[in-house]
Amino acid sequence: MAMFEGLSEKLQEVMRRLRGKGKLTEEDVAEAMREVRRALLAADVNFKVARDFVNRVSARAVGAEVMESLTPAQQVVKIVHEELTALMGGEAARLAAAPQPPTVVMLVGLQGAGKTTHAAKLAVLLKKQGRRPLLVAADIYRPAAIRQLQVLGEQAGVPVFSLGQEDPVRIATEAVAHARSQGLDYVLVDTAGRLHVDQELMAELQRIRDAVGPHEVLLVVDAMTGQDAVNVAEQFHQQLGITGVILTKLDGDTRGGAALSVRAVTGQPIKFVGVGEKLDALEPFHPDRMASRILGMGDVLSLIEKAQAALDAQKALELQQKVQRAEFNLEDFREQLREMRKLGPIDQWLALLPGFDQIKKQLPENLQVGEKELRRMEAIINSMTVEERRHPEIIDTRRKHRIARGSGTTIADVNRLLKQFEETRKLMKQFAGMEKQLKKRMGKLGRLPGLPFLGPRR
Amino acid sequence: MGLFERLKAGLQKTRQALVEQINLVITSVRKIDESLFEELEEVLIQGDVGVETAAELVDHLRDLARRRRLETADQLREAIKAKVMEILGDPVPMAENPSGPTVILVVGVNGVGKTTTIGKLAHHYRSQGRRVLLAAADTFRAAAIDQLRIWAERAGADFIAHQEGADPAAVAFDAVQAARGSRRADVVLIDTAGRLHNKAHLMEELRKIRRVVERELPGAPHETLLVLDATTGQNAVQQARLFKEVAGVTGIALTKLDGTAKGGVVIAVRKAEGIPVKWIGVGEGLEDLQPFDPRQFVAALFEG
Ligand SMILES: Nc1nc2c(ncn2[C@@H]2O[C@H](COP(=O)(O)OP(=O)(O)OP(=O)(O)O)[C@@H](O)[C@H]2O)c(=O)[nH]1
Ligand SMILES: [Mg+2]
């Protein structure tokens, strides 16, 4: 059992307990704050940042207007969330644009943070916005780093400027001149990863900066970073004056407390988050959502948005009503599979669910169902008769043989599909129940469409 | 420079940051009181030991101080040293295959230093006069194959690769087969693509690589190293748990200890998953890999 799953559960429990109380004593608040502190630390928020944060919230929480309000617990929860969001920088920030193109952007950070990939992702994003970016290969140290950027540039359809293992200062300078002469409007400089305590290499970055006068210096930070995030951010900021942060690998299951630390010590906004290895897996940063994630409250807004964008709300509603009336059959299941293909990898959006830590325990081991698998499942259902789809219970061994043959699969595959269907039906019922609770808690934020769950693959 | 000196030098930053802080707290002339324990806990947490493990360690210390009537800071120091040593356990050497090539599978999340560590390991085995074969089973990341090829050249190791986008399990299979046949290698190091441990399909791929290797050479992989970045916080515990589950991790290489990160999370990892640290990475060069010796590590950790 991972320790911070436990902690986040604990925190939610504390919040629930608080909510359950009518009047709050100062000791209640102090106890809750101790738990909040633990949750923050378990999420890798820096020790000092967590301490300051808790002090600030406590000061507000024991204030008269909270203690004497009708719903003190709710007030405290609200304060925690507000302060967390504020700490993370309020509104989403945008990428700078130079009044005189090209806009020069430098990507800097530790080794392995994801600079090269994110330079390419930024290029893709800019290109989508009708810009003409240039990628610059200024990592002359790591073996094959230049080649990596060239391959990514090719994939992105973006030109890559390289002078081999030349001095990075010269590479950057000539790249900017090149962009200007070619009418390219963004220059994205991929620099080598380096330690913030490596004076020689930090001085190299300063020389690049002084030579090209970047409009953005983006610090690329791995979302899984621990306590050291503070030292790293402080040093890079002190020595280079960063203007923003890209938080990478947020598609992992880290709580991402580094986001808080980095923001707190630099005062610079997190501008983008990386959420996958594909070149389009770059998103603008939403402070409030990150706040929820760190506290383990689930990124409800993202989920709703994502689900609403991808799913046909009307269909989802119908499905859910069917589940509740226990009429959900294989035809509906097939409909769901199709909807699911539009949503993308299931583990990615499932992790956004509030209280997912608890649900996860009840879920089958392997949730991951790939595109191929989805198509195969659909093929199996397609090989059934209408009668079979509507009344799965009539499918006997003989029918299974026929279905397997018809869909080019095996009996085992058919059995598995039927099992997955059953699991889904069961889980959807639970899910519908959870949604009701959620709505009560969150007010009218929108509805969560019924979502399919699939059983284990073997 | 002897091994111990090299280890100490490599751990200099760690020592400075974590240990010396602990020492500062402990040795400052003051009697043992509650605030001392609190400060100790803070130092541990700042070293990424984790809030839970830190609390346990300090509770243990508190209890011990009471039971054994500890009075001096030195006694406290010995006590916490002993406790961390106990958790880290005895050193565990790298596994060897006595009757054929030793196969080492290297896994981990993106960017932690897998490929670099393989380059360093290749150098380590080469300097023992052994024949080393590197297998480029990261067929996913752009230019990953080129990167490993360069390390193979640097270390004087043999090298096997397929096309970018090829089946990684097939690369691993070929490498193991070649090591036993035409290429006659003593050690096979398999580089894999970085993957986040919560991506089930990528973890399945890893399981498959392992299975294929196992089938080709029963008993292989003899060692599965999880590379952890010392900068990583508590998420390392999840990484360890899931990679162990899928790939049967037998050891950890803790990289980037040349920075200011302290890597204290390996204590929590050892406690939760029982996986020993076998190597530490202290730089980007061929030589910047050192065997992890728990005894010396803790000694260096607590003896300023
Ligand atoms: N300072 C320092 N840097 C390291 C160490 N080990 C690896 N690196 C650097 O970390 C970066 C990433 O290393 P790689 O070996 O490419 O990491 P990887 O895990 O193979 O990365 P992917 O294959 O992309 O997942 C490179 O710039 C390495 O030079 C270390 O011990 N110390
Ligand atoms: Mg690699």
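Just so you know, all these numbers are worked out from the coordinates, no wet-lab data involved. All of these numbers come straight from a predicted model, not from anything done at the bench. Using ideal geometry, Cβ is built from the backbone for each residue, glycine included, and neighbour counts are taken over all protein chains shown.
Counting neighbouring beta carbons within 10 Å and listing from fewest to most, the residues B:THR139, B:THR232 come out as B:THR139, B:THR232. Other residues with beta-carbon under 11 Å from the beta-carbon of B:ILE145 carry, at +1 per Lys or Arg and -1 per Asp or Glu, a net charge of -1. Peptide B:197-206 has a mean of 5 when you count, residue by residue, the C-beta atoms of other protein chains within 10 Å of its C-beta. Look at A:TYR141, B:TYR125 and count the other Cβ atoms within 10 Å of each Cβ; fewest to most, that gives A:TYR141, B:TYR125.
Quick one: if you stick a label point 7 Å off each Cα along the C-beta vector at A:LEU201 and B:ALA55, how many nm between them? Simple spin-label model gives 3.7 nm for this pair. The ranking of A:SER292, A:SER383 by Cβ neighbour count inside 10 Å, starting from the fewest, reads A:SER383, A:SER292. Principal axis analysis of the Cα atoms in region A:92-232 yields extents of 41, 36, 29 Å, listed in decreasing size. For A:THR248, nonlocal amide neighbours, meaning residues 5 or more places apart or on other chains whose placed amide H falls under 5 Å from its own, are A:VAL221, A:ASP222, A:ALA223, A:GLY274. Around the Cα centre of chain B, unit charges on the Cβ atoms of Lys, Arg, Asp and Glu (plus for the first two, minus for the last two) sum to a dipole of about 580 debye.
Binning all Cα-Cα separations of chain B at 20 Å, short to long from zero, yields these whole-percent fractions: 34, 51, 15, 0. Is there a pair in B:LYS31/B:LYS278; A:LYS271/B:LYS271; A:LYS426/B:LYS208; A:LYS271/B:LYS278; A:LYS115/B:LYS262; B:LYS120/B:LYS244 whose C-alpha atoms are over 26 Å apart, and which pairs would that be? Over 26 Å apart, Cα to Cα: B:LYS31/B:LYS278; A:LYS271/B:LYS271; A:LYS426/B:LYS208; A:LYS271/B:LYS278.
With a/c under 1.5 counting as rounded, go ahead and sort region A:149-281 into rounded, prolate or oblate using the C-alpha gyration tensor (a ≥ b ≥ c being the square roots of the eigenvalues; past the cut-off, prolate if a/b is larger than b/c, else oblate). Oblate, because a/c is 1.5 or more while a/b does not exceed b/c.
Structure remark: mean-square fluctuation, Gaussian network model of chain B, C-alpha springs under 10 Å; the largest value among B:GLU153, B:GLU34, B:GLU223 belongs to B:GLU34. Once C-alpha pairs closer than 8 Å and six or more residues apart are averaged by separation and normalised to the residue number of chain B, the relative contact order reads 27 percent. Between B:ASP288, B:ASP63, B:ASP186, the residue with the greatest mean-square fluctuation in the GNM of chain B (Cα pairs under 10 Å linked by springs) is B:ASP63.
Looking at chain B as a GNM with Cα springs under 10 Å, which of B:LEU257, B:LEU44, B:LEU196 has the largest mean-square fluctuation? So, out of B:LEU257, B:LEU44, B:LEU196, the one fluctuating most is B:LEU196.
Anisotropy class assigned to region A:212-280 is oblate, per the alpha carbon gyration tensor with a/c at or over the 1.5 cut-off and a/b no larger than b/c. With both labels modelled 7 Å from their Cα along Cα-to-Cβ, the A:ALA379 to A:GLN165 distance reads 5.0 nm. The aspartates and glutamates within cross-link reach of A:LYS121, meaning a Cα-to-Cα straight distance under 19 Å and a gap of 8 or more places when in the same chain, are A:ASP139, A:GLU154, A:ASP185, A:ASP190, A:GLU216, A:ASP222, A:ASP251, A:GLU277, A:ASP280, A:GLU283. Once backbone amide H atoms are built at 1.01 Å from N, A:TYR186 has A:THR103, A:ARG132, A:LEU134 as its partners under 5 Å, excluding neighbours fewer than 5 places away on the same chain.
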